[in-house]
Amino acid sequence: MSEEKKPDPGGSQRLIARLSYFGVLAIALVVAIGEAINLAASGGAPEDFATFVPRGFGLTRLGSLFAGVRALSGKAVIVFGLLLLVGLQIAKVGTSARLFVRGKDRFYLVASAVILAGLIAGLAT
Amino acid sequence: MSLAWFTLVVLAVAFLAGLLGSLTGLGGGVVITPALVLLFGVNFRYAAGASIIAVLATSSAAAPRFMREGLTNLRIALFLELGAVAGAIGGAIVASLIPIAAILGIFAIVLLYSAIDSLKAGGNARPSGAPDPLAERLGMAGSFEENGALRSYSVRRLGAGTGVLVVAGLLSGLLGIGSGALKVLAMDRLMKLPYKISTATSNFMIGITAAAGAGVYFDRGYVSASLAAPVMIGSLAGAYVGANVLVRAPSRSLRIVFAVVVALLGCDMLYGAIRGIA
């Protein structure tokens, strides 16, 4: 252990930190607005979570999701926010890849690309 | 219970999940799934959907603080994530060939043993032995500030750690659970990384793993908007607080929290295994 200055986490790490910070704030705001609309629309009636009814917005039905967001449907706004949260993880890996492009670090660039491809494939299936 | 009251209670539970998730590097799902199923009678599929949202929220909210402090090691995270992805693909392929109850039982015993082993490890003793040559070549060594001084660290047994991550990915592919615990254990116990580095790096990785599986949960309708919204907001707030606590807390205390949560997770899995066999 040495008594040196505080380690610099690096420009790209700071960029990922900022991206996560502001991304999370924006997404929380979107979901909170959606939840407020959802609660107001429910009129306080309880919702049944004990019985599973498959009615997901599904990535294959993005058109209906955006239509719901435009119509200010609380549930659609929430799901939109949640999808942004998934997108934030992709952005984190993409920004990491940028660090390795700058550093001409081919091994980690390939690793980032493989993970990014896995993420996109996982979302597409 | 009205939806508004239910939302408030779930917010509080999710706060606790986010707090523990970011402190331990396990994500919030460890708390969310059993709480929703056992306390509120929520259907397991909706609970699983809420759990993946809790993990995504915990990972995202804790990341800024951990990254600013230099606790997240991106190189280690990306290297190990490759192993986890390979394992997850393997798990999906062999899912129908493997007896799930037996896997749960073995995993439960590993977790219970690890919880005891983690407690024995104490604080942040410096590991003996030479750093792993491949890890050195790949530039995985790093440093971070602890108690006002700079502490350097290097990676031991990268091959063994990656092997555990392949198993973690395999388990994720088979069961959809448990990869956070194995990630922390691999980095902490095998690769001999400082506990805070293991936790923060796992926090980064679990978000990526959860995102890879999220599409399936959305597409099958497991993510209920009314349930996921308070889970997400509560987990975000809890993880934000947890990340700030972790930076200041002594490693010994964090290990105790980790060991207790992992032991409970192990007991839960053992119960699931016994129920599956019976």
| Among B:Ala12, B:Ala47, B:Ala17, which is the only one that is modelled with pLDDT of 85 or more and within 12 Å of the chain's Cα centre (by Cα)? | B:Ala17
| task | Spot the failing condition for A:Val110; the list is (1) under 19 Å from the mean Cα position of the chain (by Cα); (2) farther than 28 Å from B:Leu3 by Cα, and only one is missed. | result | (1)
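Going by the structure shown, is B:Gly213 within 14 Å of chain A (Cβ to nearest Cβ) and either modelled with pLDDT of 85 or more or more than 13 Å from the chain's Cα centre (by Cα) (or both)?
Details: within 14 Å of chain A (Cβ to nearest Cβ): yes; either modelled with pLDDT of 85 or more or more than 13 Å from the chain's Cα centre (by Cα) (or both): yes.
Yes: the conditions hold for B:Gly213.
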| request: Could you look through segment B:1-21, keep only residues that are in a helix (DSSP H, G or I) and among the small types (Gly, Ala, Ser), and pick out the one that is nearest to the other protein chains (Cβ to nearest Cβ)? | output: B:Ala4
| field | In segment B:57-71, residue farthest from B:Tyr195 (Cα to Cα) [restricted to those that are more than 7 Å from chain A (Cβ to nearest Cβ) and in a loop (DSSP other than H, G, I, E, B)] | value | B:Glu69
| task | Being more than 7 Å from chain B (Cβ to nearest Cβ), free of Cβ contacts under 8 Å to residues at least 12 places away in the same chain and in a helix (DSSP H, G or I) is the filter here, so list the residues in segment A:88-125 that pass it. | result | A:Val101, A:Arg106, A:Val110, A:Ala117, A:Ala121
| task | Could you check, for segment B:22-44, whether at least one of its residues is at pLDDT 90 or above, within 27 Å of A:Leu116 (Cα to Cα) and either surrounded by 23 or more Cβ atoms within 10 Å (Cβ to Cβ) or within 12 Å of chain A (Cβ to nearest Cβ) (or both)? | result | no
| said: I'd like to know if segment A:79-87 contains one or more residues that are part of a helix (DSSP H, G or I), more than 9 Å from every other protein chain (Cβ to nearest Cβ) and closer than 16 Å to B:Gly221 by Cα. | reply: yes
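The values are calculated or read from the model by the stated rules, or taken from the named source; none is laboratory data. Since we're looking at a predicted model, the values are computed, not measured. Glycine also receives a Cβ, built like all others from the backbone with ideal geometry; neighbour counts cover every protein chain displayed.
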